[in-house]
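See below for the structure under consideration.
The values are calculated or read from the model by the stated rules, or taken from the named source; none is laboratory data. What you are looking at is a predicted structure, and each value in this text was computed from that prediction instead of being measured. Ideal geometry is used to build each Cβ from the backbone, glycine not excepted, and the neighbour counts take in all protein chains shown. All accessible areas refer to the heavy atoms of the entire protein, side chains included, with ligands and DNA or RNA removed. Shrake-Rupley method; radii C 1.70, N 1.55, O 1.52, S 1.80 Å.
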Amino acid sequence: MREKRRTDLAALAALVCTVVALFLANRYLDDYKIRIINLSGIYVTLGLSMNLINGFTGLFSLGHAGFMAVGAYTVGLLTMPVSMKEMNFFFTPIVPWLANVEMGFLPALLIAGLISALLGILIGAPVLRLRDDYLAIATLGFAEIIRVVFTNTQSLTNGALGLKGIPNYTNTWWSWGVAFVTIAFTSFLIRGSYGKAFMAIREDEVAAEAMGINLFKHKVMSFAFASFFAGVAGGLLGSLLGTIDPNMFRITLTFNILLIVVLGGLGRITGTVVAAVVVTVMMEALRFLDESINLGFIELKGIPGMRMVIFSIILILVVILRREGLLTRLKGREASYAEN
């Protein structure tokens, strides 16, 4: 009980410090740094949603980019003014039932999450009977199917042209507010009976089923929760950028989220939050590797994509040397779950 109270006080102190830091950032930092802070909050949500599947339930899913695409397009189409829709859909008119729809940001986010969760259930029902690499390939295939469908549905998504002029509702309070909700939801879920069932499935499916746990029900539930938050995060990202197209949601985006999960540690909430912030900041800080570097006596030509090579090397080293993540303390995997 004392340990739980200490953990709750630490979480409350972290929340207060983060809110104060966000207030100061909004007041003193420029737009570029504020955007990085917003991206950090969005990636916290994405990292926790993927960790719910891959870390806590033990399922190897690579379909997050598809659910993000659903959320981004849903929010974009529901919040975009009617006049802006007419400007976007100049080749093929938009479907009539969306032409005059315009709503607020919060209901659009909730609808985006619900549609993504429903799609997650529809996808999860047939593929969650698979395991390991087969599940990863199946979910990756579905994510690619979603991207191809969005590319070819001109009257619904504007095809390869994408959507431009999406209202910029996302700010630090939206991105980190959703991140806080995701952290709280994941913490309460994992501490409850459903969370214990998820972790039992991760450790041994046969033993979990023998204990009376419905494997299919809990796997689909985990997939649906993760898809919901992935859709909401996709909506936040689309509103932050103001422009989206299908090529944004390739496997590379899922790889970035997987990098956060692995670096933070599978089944680690605190580690995922810290890793999301560190990776997002480092992705921007290492952009100089893609450009030419002038050392005074010699100029090194930049190699486009070099920063992703660096992150790939880091991921390989972590998998080889520290499989439980860089931020996981050396006291056993089960102890780390109890700590969260």
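Pairs of alpha-carbon atoms within less than 8 angstrom and 6+ residues apart define the contacts here; what relative contact order does the stretch 1-135 have, in percent? So the answer I get is 23 percent. The protection proxy used here, the mean number of other Cβ atoms lying within 10 Å of each residue, ranks peptides 313-320, 23-30, 123-130, 257-264 as follows, highest first: 257-264, 123-130, 313-320, 23-30. Take every pair of alpha-carbon atoms less than 8 Å apart whose residues are at least six positions apart; their mean separation over the length of the stretch 2-249 yields a relative contact order of 38 percent.
The label-point distance for residue 203 and residue 101, in a model that sets each label 7 Å from Cα toward Cβ, rounds to 4.4 nm. Figure note: 31, 133, 245, 204 ranked by solvent-accessible area, largest first, 1.4 Å probe, ligands and nucleic acids not counted: 31, 133, 204, 245. Across the chain, the convex hull enclosing all Cα atoms gives 164 Å³ per residue. Among the protein heavy atoms of the stretch 1-141, carbon and sulfur supply 69% of the accessible surface, probe 1.4 Å, non-protein parts ignored. Total lysine pairs in the chain at Cα distances under 21 Å, for residues eight or more apart or on different chains: 6. Per residue, the accessible area of the chain comes to 49 Å² when a 1.4 Å probe rolls over the protein heavy atoms.
A simple packing score, the average count of other Cβ atoms within 10 Å per residue, orders the peptides 99-110, 48-59 as 48-59, 99-110, with the highest score first.
The length gained by stretching the chain between residue 191 and residue 11 to full extension, at 0.36 nm per residue less their Cα-Cα distance, is 63.3 nm. Taking the helices alone, the chain has a mean residue ellipticity at 222 nm of -23000 deg cm²/dmol, built from -39,500 (n - 2.57) per DSSP H run of at least 4 residues and averaged over all its residues.
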